[in-house]
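Contents: one structure, followed by commentary.
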Amino acid sequence: MRLAQPRPKSIRLDGLSTCVRLERIYWSILKCIAQSNGTTVNVLLSSLDRDVQLNLGGVKNFSSLIRVVCTAQLLEMCHEDAMAVVTELME
């Protein structure tokens, strides 16, 4: 249950300080993603925010977007078939 506890963190997005509240498990996943890309969690989230701003004009709930990105990354790491099943379910 410890991994499900929310944990707020202060981060900078596009030069502005903001607080993102995620469950501990997602902060751990983000740290792994960042390390595998040779960067930090702050840089990773800034890049994600910038990409979303440019391609979609932003999102209403950045925390939810982060959860989806983490889940998609885990599915991709697990197996391509798992991602295909999830994609099918979305259609």
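The values are calculated or read from the model by the stated rules, or taken from the named source; none is laboratory data. Please read all numbers here as calculations on a predicted model, not as lab measurements. So basically every Cβ, Gly included, is an ideal-geometry build from the backbone, and we count neighbours across all protein chains shown.
Per-structure values
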item: Tabulated pairs, region 42-69, first among the charged types (D, E, K, R), second part of a loop (DSSP other than H, G, I, E, B), C-beta under 9 angstrom, 6+ apart or interchain; result: Asp49/Asp14; Asp49/Gly58; Asp49/Val59; Arg50/Asp14
item: Check on Cys19, under 23 Å from Met77 (Cβ atoms) and of a type in the set (A, V, I, L, M, F, W, C); result: no
item: Residues of region 46-74 satisfying the condition of being more than 18 Å from Cys19 (Cβ to Cβ) and among the small types (Gly, Ala, Ser); result: Ser47, Gly57, Ala72
item: Residue in region 73-82 that is in a helix (DSSP H, G or I), of a type in the set (Gly, Ala, Ser) and either at pLDDT 95 or above or closer than 24 Å to Arg2 by Cβ (or both) present; result: no
item: Given (1) more than 12 Å from Ile66 (Cβ to Cβ); (2) touching a helix residue (DSSP H, G or I) at 6+ places or on another chain (Cβ under 6 Å); (3) part of a helix (DSSP H, G or I); (4) not β-branched (Val, Ile, Thr), number of the condition Leu44 does not satisfy; result: (1)
item: Subset of region 8-27 that is modelled with pLDDT of 90 or more and exposed (fewer than 13 other Cβ atoms within 10 Å of the Cβ) - its residue that is nearest to Ile66 (Cα to Cα); result: Arg21
item: Subset of region 2-32 (residues that are in contact with an Asp or Glu (Cβ under 7 Å, 6 or more places away or on another chain), aliphatic (A, V, I, L, M) and within 16 Å of Ser46 (Cβ to Cβ)); result: Leu13
item: So Asp49, is it among the acidic types (Asp, Glu), surrounded by 14 or more Cβ atoms within 10 Å (Cβ to Cβ) and either modelled with pLDDT under 95 or not in a loop (DSSP other than H, G, I, E, B) (or both); result: yes
